[in-house]
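*Asks:* The structure's right below; bear with me while I get my questions together.
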């Protein structure tokens with residue numbers, strides 16, 4: 001599947017030593033003909049259907065697969081390291097969370 005790397009400043013994630021670049025995933029749009037077998041109809045109804053495709057990548061933080069419905073993800077050009085956009089943008093430190101009013105929470109890998 002073709003994907004494009006955004007021309008912007010790389011993300012310097014605390015989780016990885018190499019810079020990470022935002023990769024945009026193309027969406028697979030298929031046209032589905034609802035009345036292809038019905039010859040009595042003058043006009044066929046065409047419905048657009050999006051097909052989600054699994055990328056050949058896995059998020060190195062949450063370990064879930066990266067799918068085309070994620071729209072984009074971060075990837076290293078140097079090695080095979082990838083992160084969902086959501087996972088890459090998580091804050092390392094969470095302060096004063098209503099469900100955890102005690103000490104700060106830290107994200108570690």
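What follows is calculated from the coordinates using simple rules that are stated; it is not laboratory data. For clarity, every value in this text was computed on a predicted model and none was experimentally measured. No Cβ is skipped: glycine too gets one built from the backbone with ideal geometry, and neighbour counts run over all protein chains shown.
*Asks:* As a footprinting exposure proxy, order 62, 72 by other Cβ within 10 Å, with the fewest listed first.
*Replies:* Fewest-to-most Cβ neighbours within 10 Å comes out as 62, 72.
*Asks:* Between residue 11 and residue 96, what is the FRET efficiency for a Förster distance of 30 Å, r being their Cβ-Cβ separation, to the nearest 0.05? Intermediate values should be presented prior to the final figure.
*Replies:* Values: r = 25 Å, r/R0 = 0.84.
After rounding, the FRET efficiency stands at 0.75.
*Asks:* Okay, moving on. Would you mind ranking 106, 86 by Cβ crowding within 10 Å, fewest neighbours first? Let's see the in-between values first.
*Replies:* Details: 106 9, 86 12.
If I rank by nearby Cβ atoms, fewest first, I get 106, 86.
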